[in-house]
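Undergrad: Below are the structure tokens for one structure; questions will follow.
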Amino acid sequence: MIDRLDMTDQLDNHKLTVIANGVLLVHEGRKPQFTRSDLLIEDTKIKQVGDRGVFPKTAAHAQIVDATGKLIVPGLINSHAHSPLTLAKGGFDALDHPRFMWRNQADTANRTPREVEVSALLSAVEWISSGATSVVDNFPEQNFEYEHVEALVRAYSRVGMRATIALRVFDREYVDIMPSNVSALPEQLRCEIDNSPIKPRPYRETLEMCRRIIDDFKG
């Protein structure tokens, strides 16, 4: 049986590391292939793939990680994620979709940059632990500030995880579960809708912020 090789804690403080005796999954086009190869890692980057037994001879001072019976695969990509919802797990599992959307937007609205950063750090730990090394993080639809995105970038940089931050821009309100005749609602509920923390700002302001964010953080 071939098990997944977890090297999360094995690369610290080692200039050269050899993953030896494992089975390497590679792709030629769309067809997966399995080869019995060793990997030479410098710092935390794969430097070379070679035949078994080659690197321990050429890199005498390398740390050797025995991958016998293990499968070595490229990092997975989490192509659709919402890091802010890490802190909301189990909060509204039994709701239908419209109520779920309202509740999760309200739960993630008005967070501090520190809360955004902690939520992203927790998310990254979960994803890396399950083999994902890259993520597309759909940042919340409600209003966000520059400082929130800065905190998100700081979290992924700290972890060392590749991330595409997909800023979600909208200029219409969440009204999918509201009756068409809002004026017929009780006065208190109408006031709550008018003062909603997820009322969108003018879209031109949001687009201008997005341009600034792209200029400052791209790459």
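The values are calculated or read from the model by the stated rules, or taken from the named source; none is laboratory data. The structure presented is a predicted model; accordingly, all values stated were derived computationally and were not measured. Every residue, glycine as well, gets a Cβ built from its backbone with ideal geometry; the counts of neighbours run over all protein chains shown. Calculation scope for accessible area: heavy atoms of the full protein, side chains included, ligands and nucleic acids excluded. Shrake-Rupley method; radii C 1.70, N 1.55, O 1.52, S 1.80 Å.
Undergrad: When segment 172-193 is examined, which residues are found to be at pLDDT 75 or above and in contact with a helix residue (DSSP H, G or I) (Cβ under 8 Å, 6 or more places away or on another chain)?
TA: S183, L185, R190
Undergrad: Would you confirm whether any residue within segment 47-62 is under 18 Å from L76 (Cα atoms) and either among the basic types (K, R) or modelled with pLDDT under 90 (or both)? Can you show your working first?
TA: Here is the first cut: in segment 47-62, the ones under 18 Å from L76 (Cα atoms) are none.
The answer is no; no qualifying residue exists.
Undergrad: Right, another one. Scan (1) touching an Asp or Glu at 6+ places or on another chain (Cβ under 6 Å); (2) over 24 Å from I214 (Cβ atoms); (3) not hydrophobic (A, V, I, L, M, F, W, C) for the single condition D107 breaks and write down its number.
TA: (1)
Undergrad: Filter segment 129-163 for residues that are more than 30 Å from K70 (Cα to Cα) and among the polar types (S, T, N, Q); which is surrounded by the most Cβ atoms within 10 Å (Cβ to Cβ)?
TA: Looking at residues that are more than 30 Å from K70 (Cα to Cα) and among the polar types (S, T, N, Q), I get Q142.
Undergrad: Filter segment 26-65 down to the residues that are touching a Phe, Trp or Tyr at 6+ places or on another chain (Cβ under 6 Å) and open to solvent by 30 Å² or more (accessible area, probe 1.4 Å) and list them by number.
TA: Across segment 26-65, there are no qualifying residues.
So that you can scan it fast, the table gives a plain yes or no per residue for (1) closer than 17 Å to V159 by Cβ; (2) open to solvent by less than 20 Å² (accessible area, probe 1.4 Å):
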site: A67; (1), (2): no, yes
site: I72; (1), (2): no, yes
site: L76; (1), (2): yes, no
site: G90; (1), (2): no, no
site: F100; (1), (2): no, no
site: A109; (1), (2): no, yes
site: W127; (1), (2): yes, no
